[in-house]
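Okay, structure first, notes after.
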Amino acid sequence: MADQRQVELSQILIELYDKISSWEQEVVRKSGLSTAQMHAVEIIGHHERLRMKELAEKMGITTGTLTVMVDRLERDGLVARQPHPTDRRSYVIVLTELGREQFEEHHQMHCLLTAEITASFGDDELDSLKGYLERLVQQF
């Protein structure tokens with residue numbers, strides 16, 4: 001059975017997730033993309049180029065699901081498939097100029113949100129929060 005602290009942390013995490021999710025859906029809606037599509041653009045933007053398998057793993061989806069998504073993003077002119085430089089059987093996904101613009105705009109919105117929600121934090125608190133979040137991400 002969970003102790004009271006775990007129950008309280010769980011409630012806070014759920015509330016935080018819900019607030020960020022609502023914010024994200026509102027911001028993404030303006031782009032005409034689904035949240036998952038925008039996350040794909042965002043992940044590629046941070047990594048420059050990824051194999052399909054790597055992108056699927058980072059998104060927590062199957063390569064089959066990702067293929068359908070990448071087909072649409074490619075049709076919309078946001079990503080391109082390129083032959084992998086050292087593996088003839090593989091392709092890498094990169095952002096097009098339009099995709100890079102979408103990424104930069106969305107990334108800027110994330111930076112503004114982060115600045116807004118952490119405005120009352122001091123440097124030490126920001127460093128601690130970053131460390132805690134990194135540890136949480138590694139747990140998954």
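Coordinate-derived values only; no laboratory data. Given the structure is predicted, the values throughout are model-derived calculations rather than measurements. Positions of Cβ are generated from backbone atoms using ideal geometry, with glycine treated the same way; all protein chains shown enter the neighbour counts.
At a glance:
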{"quantity": "For Ile93, Ile14, order by how many other beta-carbon atoms lie within 10 Å, fewest first", "calculated": "Ile14, Ile93"}
{"quantity": "Exposure proxy ranking, count of Cβ atoms within 10 Å, fewest first, for Arg135, Arg72", "calculated": "Arg135, Arg72"}
{"quantity": "Angle between the chain longest axis and helix 97-117 axis [Cα atoms, degrees, rounded to 10]", "calculated": "0"}
{"quantity": "Amide H partners (placed H, <5 Å) of Thr96, local residues excluded", "calculated": "Val79, Ala80"}
{"quantity": "Listed values (i) 11.0; (ii) 13.5; (iii) 11.9, entry calculated as mean projected area of the Cα convex hull in nm²", "calculated": "(i)"}
{"quantity": "Loop trypsin sites (Lys or Arg not before Pro), the stretch 74-130 (other Cβ atoms within 10 Å of the site Cβ: 16 or fewer; DSSP)", "calculated": "Arg88, Arg89"}
{"quantity": "Residue among Gly32, Gly45, Gly122 with the largest mean-square fluctuation in a Gaussian network model of the chain, springs linking Cα atoms under 10 Å", "calculated": "Gly122"}
{"quantity": "Computed helical MRE - 222 nm, the chain, DSSP H runs ≥ 4 contributing -39500 (n - 2.57), nearest 500", "calculated": "-23500 deg cm²/dmol"}
{"quantity": "The stretch 1-48: GluC sites (Glu not before Pro) falling in loop per DSSP and having at most 14 other Cβ within 10 Å", "calculated": "Glu48"}
{"quantity": "Sorted by Cβ density within 10 Å, fewest first, the residues Val27, Val79", "calculated": "Val27, Val79"}
{"quantity": "Rough spin-label spacing in nm, given labels placed 7 Å along Cα→Cβ, for Glu26 and Glu74", "calculated": "3.6"}
{"quantity": "Residues of the stretch 16-34 with amide N under 16 Å of the 7 Å Cα→Cβ point at Phe140", "calculated": "16-25"}
{"quantity": "Stokes-Einstein D (µm²/s) once Rh is taken as the Kirkwood radius of the stretch 23-82 over alpha-carbon pairs, at 4 °C in 1.567 mPa s", "calculated": "111"}
{"quantity": "On Cα atoms only, tilt of 4-29 relative to the major axis of the chain in degrees", "calculated": "40"}
{"quantity": "Helix axis angle, 35-47 relative to the chain longest principal axis, alpha carbon, degrees", "calculated": "80"}
{"quantity": "Total lysine pairs whose alpha carbons fall under 27 Å of each other in the chain (8 or more apart, or interchain)", "calculated": "5"}
